[in-house]
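Worksheet for the structure shown next.
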Amino acid sequence: MGVFESVAPSPLYQQVAGRIREAIVDGRFGPGDALPGERDLAETFGVSRASVREALRQLEAQGLVAGGRTAQGRTVARTNRKALTQALTDSMALQQVPLTDLVELRCAVEGQALRLAAAMPVLTALEEADAALSTMRRSHDDAIAYDLADVAFHAALVRASGNQAMHAVMQACRDAQTRYLADALAEVDDLEATLSRLTEEHEAILRAVDQGRGDDAAALTEMHIRGFYGRE
């Protein structure tokens, strides 16, 4: 034939990991549930305990199985946004995604999240955003403190949408943009004036969410992000 190459069989541990992954994804094991022990799994799949152990290590690395073992066996990981965020961040970095693309993705995700937050907000997250805004008002002469508060503000507002996937993607975008932030702030002529202006923009965004004006909040956020990175 010449078109297709022969298919190499996957290692046993990968086959075992795939079967366990399927059981988790389709709901046969839920978050926090104990998986069968290594001996039981080895007997079920007809493989060695070493293959089972390697399969579980792979699932741990992927964030599906919690590390360590209980008396009953390993457990299915509970919601792991941190693992997803790190995976997205690493993927962006390895593929050398340009800043313009990151800005586009962040505007799309964060804008939609704020529409959701304005319609039915998670109130505790809005309180966190307000607290971060208060920190920003006190940090117009401290770029590092301001940036930390800025991160907390945007993360809290997206979290207010109640959508965990959007929060993870937004955080990955923000993390991937971190390396550009220092350069951007270093080029600012009047740091205090710039941070004061950014604070006013944050205030307008939060006010729009509080008042249920989702489209306005999304538009203000896009102008804020593009304006800071010089992409208006």
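The values are calculated or read from the model by the stated rules, or taken from the named source; none is laboratory data. Note that this is a predicted model, so its numbers are computed, not measured. Cβ: placed from backbone, ideal geometry, glycine included. Neighbour counts: every protein chain shown. Just the protein is used for accessible areas: all its heavy atoms, side chains included, with ligands, DNA and RNA removed. Shrake-Rupley method; radii C 1.70, N 1.55, O 1.52, S 1.80 Å.
Close Cβ contacts (under 7 Å, 6 or more residues apart or on different chains) running from residues in segment 161-172 that are open to solvent by 30 Å² or more (accessible area, probe 1.4 Å) to residues that are hydroxyl-bearing (Ser, Thr, Tyr) and part of a helix (DSSP H, G or I) comprise Gln171/Thr85. Restricting segment 142-154 to residues that are surrounded by fewer than 20 Cβ atoms within 10 Å (Cβ to Cβ) and without any contact (Cβ under 8 Å) to a residue 24 or more places away in the chain, the residue that is nearest to Pro121 (Cα to Cα) is Val151. For Thr194, the conditions (1) at pLDDT below 85; (2) assigned to a helix (DSSP H, G or I); (3) open to solvent by less than 50 Å² (accessible area, probe 1.4 Å); (4) more than 25 Å from Leu126 (Cβ to Cβ) are fulfilled apart from (1). Of all the criteria given as (1) closer than 19 Å to Leu116 by Cα; (2) among the basic types (Lys, Arg); (3) at pLDDT below 90, the one not satisfied by Arg159 is (3). Residue by residue through segment 118-141, note down the ones that are open to solvent by 90 Å² or more (accessible area, probe 1.4 Å), closer than 15 Å to Glu203 by Cα and part of a helix (DSSP H, G or I). Correct list: Glu127, Arg137.
For Glu22, indicate whether it is farther than 21 Å from Arg78 by Cβ, part of a helix (DSSP H, G or I), out of contact with any helix residue (DSSP H, G or I) (no Cβ under 7 Å at 6 or more places or on another chain) and open to solvent by 70 Å² or more (accessible area, probe 1.4 Å).
On the way: farther than 21 Å from Arg78 by Cβ: no; part of a helix (DSSP H, G or I): yes; out of contact with any helix residue (DSSP H, G or I) (no Cβ under 7 Å at 6 or more places or on another chain): yes; open to solvent by 70 Å² or more (accessible area, probe 1.4 Å): yes.
Judged against the criteria, Glu22 is not a match.
It is to be established whether one or more residues within segment 26-48 are within 23 Å of the chain's Cα centre (by Cα), modelled with pLDDT under 80 and within 29 Å of Ala165 (Cα to Cα). Within segment 26-48 (the criterion being within 23 Å of the chain's Cα centre (by Cα), modelled with pLDDT under 80 and within 29 Å of Ala165 (Cα to Cα)), the answer is yes, since at least one residue qualifies. Kindly evaluate Arg53 against the criterion of being charged (D, E, K, R) and either at pLDDT 90 or above or outside any loop (DSSP other than H, G, I, E, B) (or both). Yes, satisfied.
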